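The block underneath contains the structure these notes are about, expressed in C-alpha cells.
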Amino acid sequence: MCGIVAYFGKKPAQPILIEGLKRLEYRGYDSAGIALLKNGRFDIYKTPGRISNLEDILPPEDLQATVGIGHTRWATHGEPNTVNAHPHLDDTGKIVLVHNGIIENYASLKKWLIKEGCQFRSQTDTEVVANLIGYFYEKNCARDGQNAPKDRNRFEWAVQEALTEVHGTYGLAIMCLDCPNVMIGVKKGSPLILGVGENEYVIASDAAAIIEHTSQAVYLSDNEMVFVTEGGFETKTVTNIEVRKELSEIEISLDQIELEGFDHYMQKEIAEQPQVLETCLNGRVDVKNGRVILGGIQNQFRILARTKRVIMAACGTAWHAGLVGEFLFEQLARIPTEVEYASEFRYRNPILEEGTIFIAISQSGETADTLAAVEQAKERGATVLGIVNVVGSTIARTTDAGVYLRVGPEIGVASTKAFTAQVAVLAMLAIELGRRRHLGADAAQYLLRELMQIPQKVRRIMAQSDHIRRIAQANIDRENWLFLGRGLNYPVALEGALKLKEISYIHAEGLPAAEMKHGPIALITDRMPAVFIATKCSHYEKIIGNIEEVRARGGKTIIIATEGDDHIRQYADHLITVPDTVEQLQPMLTVVPLQMLAYHAAVVRGHDVDKPRNLAKSVTVE
Ligand code: AGP
C-alpha cells in the first residue's frame, strides 16, 4: 500500500507532486521520491522517511519540469532506504517508474534479467519491472525474438510486452526519456485513477491527490492502461485493445481532506461521526413504515430475504463491524450468518451453497485480501454485495451491488467513522431483511427511531473528551490492557483493543468477558487495566460478575456504562458513560469512548496518530 502521484501538463510538476504525495502519505510513509523529466534527463530525488525529508533534499522549486512522477512507500521488498525508495530507473536510464503492489515472480524475472546482462541497484521487486520494460525497449524485440511492430509506439509496446511477463499486482506510472510527451499508467490489483483537467492530467492511487486539480476522473480497471500525451489520453488493455472509459465525477471535496483546525485526522474523524452518521442514514430510513431504502441493493432485497446463509468477509476494523453484523442479522432477520477473516476465507476453498449471499465490508474498497475473497465468492456463484466507503473503489466496482457508507474520506490510519457507519448500514440491512421475514412493523419502527437518534447520542459522548484524556494519562505507563464485552459489545471490545494497539503501540487484547475465567484472568494485576463495556443490556448482571472477578484479584477497571447507572459506579476505577439505547445499536455508542481513549493515549505517548509506525491506511498487498 504505497501512494503514487504523477503529473503531465503545463505547470511546474515538482510542487504538484509534493502536494499530492502529502495527501497520499497515509497510504505509506517509510520513504518517498520524485522523478522530473526535463531537457532530456530525469532528475530523481528520493529519501527514507516522510515527505518532509524529501522536501529537505529538493533543489529550489524547479519550474521547468512539467512532467513527473512521485511515490510514498510502505516497504514490501527491501528496507526503507534511499536505494529502495521509488522512483526506480532501468539500467539504461531510459525508463523510470513508481509502483504500488507486489510482483510475485520478481525473483525469477530478476534472475533472467541478470543473465541477460541487466544491472540492479535495489532489493525491490519494482526495479525488476523497470528493467524488464527497459530490456524490451532497448532490444526492441520480444522474448520470442519477434521485433516490435513498426507501427506502434515502442515505449508503449515495451510496457505491454513487459507486463505480459509479470505476475502480481501493480499500479504503475511510467516515463521514458525518449518520449517526453508521453506518460503511461497501468492498473492491476492496485488502485489507479486518471484525473482529467484542462490540458493537464494527474495519475494517482486515490482521488485525494487529484481533487485539487480536477473533479473529473477515469477509474482504471484491472489490466487497463492509460496512455497520456499532449493531445489527450487513450485507454486500452495491456494487450493493446482500445477501451472506452467514461469520465466520472470525483465525489470528495477538498475540505473533506483538510484537517480543518483539528490536530489530527483521527481526531477530526472521531468528532465528525455525528454528522457523517446523519449523512449515512439520510434518506435511507423510513421510521413511519418501519422500512429501510438502500438504493444500491434495492433490487437484491428479494434474493437477500430468501437467502439461507450470509457470509461476510473483511479485515481489521471492518471485520469487527462484520461481527456486529453477524449478531444483528441473526437476531433481527434470523438469517444464519458468519463473518470470516478475508485472508483466511480466500485460501480455505470455502463452501458456498446455492443462494448464499456474500457481503464484503471495506472502508477503502482496495484491501487485497477482501478483494480476493470477493472474487472467490463470485467464482462460486454467490450474490456478492459490498459495504464500502470509497466511491469507485475496486471492491465497489467488483461486487454485484452494494451500499456506500457516505462518510467522506477517512484519512487517519486508525479507522473510526467507517466502523460506526458500517454498523449503521448493517443495522439497516438487518432491520429491512427482518421486515421481509419475521420482524414486525412495531419492532422495526422502534429500532429505526432509536437509530435516527444515534448521531445526537454520539455527539453527547464527545463532551467527555477531557475526562477520557485524563484516564489515558493516568494509565499511560501500562503496557498491557484487556478489553472485555459480551454480546454485541464483544466485537466492540475487539475494536477497542485494536485501536489502542495500532496507534499507541500498547499491547491490548479484546475478549468475550466470560472467557476471562478460562485462562486470561491469570494475567490480572493492578498494572493491567481491564476495560469493561458494561452498558444496560441483557448481559448486564453477568458482566458485573466478570468485573467483580477481576476486582477480587486486584485488577483495575475502566468501565463504559450507561448514563445514570449509579449502581455500577462502585466497581469502576474509571467510569465513562454513554447514552442509553436499544442493545442492538449500542456498538455505535460504546465504541466512541474507546476510539477517544486510544487517540489520547497515542497523543500522550507522542506518537504520530495518523501515520502509526509500520502501518498504512489501505492494505493493497497480501
Ligand atoms: C483499522 O483501524 C485498521 N486501519 C485496519 O485494520 C483496517 O480496518 C483494515 O485494514 C481493513 O481496511 P478496509 O476497511 O479499508 O478494508
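The values are calculated or read from the model by the stated rules, or taken from the named source; none is laboratory data. Treat the numbers as computed from the prediction; the structure is a model and nothing was measured. Here Cβ is always computed from backbone atoms with ideal geometry, including for glycine, and neighbour counts include all displayed protein chains. Remember, those area values only see protein heavy atoms, side chains included, never the ligands or the DNA or RNA. Shrake-Rupley method; radii C 1.70, N 1.55, O 1.52, S 1.80 Å.
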Tilt of helix 316-332 relative to the longest C-alpha principal axis of the chain, in degrees (0 to 90, nearest 10)? 50 degrees
Taking a label point 7 Å from the Cα of A463 along Cα-to-Cβ, the residues of segment 566-581 whose backbone nitrogen sits under 14 Å from it are 577-580
State the extension gain, in nm to one decimal, for the chain segment bounded by D286 and D151, taking 0.36 nm per residue of separation less the distance between their alpha-carbons. 42.6 nm
Segment 113-129 to segment 173-233: how many Å between their Cα centroids? 26 Å
Taking the full set of protein chains and a 1.4 angstrom probe, give the accessible area of K245 in square angstrom, rounded to the nearest 10. 50 Å²
Place a +1 charge on the Cβ of each Lys and Arg in the chain and a -1 charge on the Cβ of each Asp and Glu, then give the dipole magnitude about the Cα centre in debye, rounded to the nearest 20. 980 debye
Which of the listed residues, A373, Y404, A444, is farthest toward the dipole's positive end in segment 361-457, when Lys, Arg count +1 and Asp, Glu count -1 at the beta-carbon? A444
Roughly what would the spin-label model give for L259 and T239, points 7 Å off Cα along C-beta, in nm? 4.9 nm
May I ask you to evaluate 6.51 cos²θ - 1.76 cosθ + 1.60, the Karplus curve with θ = phi - 60°, for each residue of segment 64-79 and list the ³J(HN,Hα) values in order in whole Hz, giving x for glycine and proline? 7, 6, 10, 9, x, 10, x, 7, 10, 10, 10, 5, 10, 10, x, 5
If contacts are Cα pairs under 8 angstrom and at least 6 residues apart, what is the relative contact order of the chain in percent? 12 percent
Taking 0.36 nm per residue of sequence separation and subtracting the Cα-Cα distance, how much length would be gained by fully extending the chain between A514 and Y347, in nm to one decimal? 57.0 nm
Obtain the nm distance between the two label points defined at Q453 and E338 by a simple spin-label model: each point lies 7 Å from its Cα along the Cα-to-C-beta direction. 3.7 nm
Calculated from backbone phi, Karplus (6.51, -1.76, 1.60) coupling profile of segment 579-584 in Hz, x at Gly/Pro: x, 6, 7, 4, 3, 5
Q64 to T92: FRET efficiency via 1/(1 + (r/R0)^6), r the Cβ-Cβ distance, R0 30 Å, to the nearest 0.05? 0.80
Out of segment 271-367, which chymotrypsin sites (Phe, Trp or Tyr not before Pro) are coil in DSSP terms and have no more than 14 other C-beta atoms within 10 Å? Y347
Please identify which residues in segment 278-313 have an amide N closer than 13 Å to a label point set 7 Å out from the Cα of E354, following the Cα→Cβ vector. 308
As a test question: what accessible area, to the nearest 10 Å², does K542 have when a 1.4 Å probe is rolled over all protein chains in place? 130 Å²
Starting from the amide H of T577, placed 1.01 Å from N in the peptide plane, find each other amide H under 5 Å away whose residue is 5 or more places distant or on another chain. A561
Backbone HN-Hα couplings from phi across segment 516-522 [Karplus 6.51/-1.76/1.60, Hz, Gly and Pro as x]: 3, 6, 8, x, x, 5, 5
What is the extension gain from I114 to E55, computed as 0.36 nm multiplied by their sequence separation minus the C-alpha to C-alpha distance, in nm to one decimal? 17.8 nm
For the chain, list the cysteines whose Cβ sits under 4.7 Å from no other cysteine Cβ? C2, C118, C141, C280, C315, C537
5 angstrom amide H check on A313, placed H, neighbours 5+ away: E340, I359, A360, I361
If you fit an axis through the alpha-carbon atoms of helix 587-604 and take the longest principal axis of the Cα set of the chain, what angle between them do you get, 0 to 90°, nearest 10? 60 degrees
About the Cα centre, charge dipole magnitude for segment 241-349 (Lys/Arg +1, Asp/Glu -1 at Cβ), debye: 1020 debye
Taking only C-alpha pairs under 8 Å that are 6+ residues apart, what is the relative contact order of segment 321-444 in percent? 27 percent
With all protein chains present, calculate the accessible area of L523 using a 1.4 Å probe and round the result to the nearest 10 Å². 80 Å²
Taking amide H positions as placed in the peptide plane 1.01 Å from N, state which residues far from V403 in sequence (5 or more) or on other chains have amide H under 5 Å from it. G386, I387, V388
With both partners inside segment 235-355, how many of the DSSP beta bridges are antiparallel, as a percent to the nearest 5? 40 percent
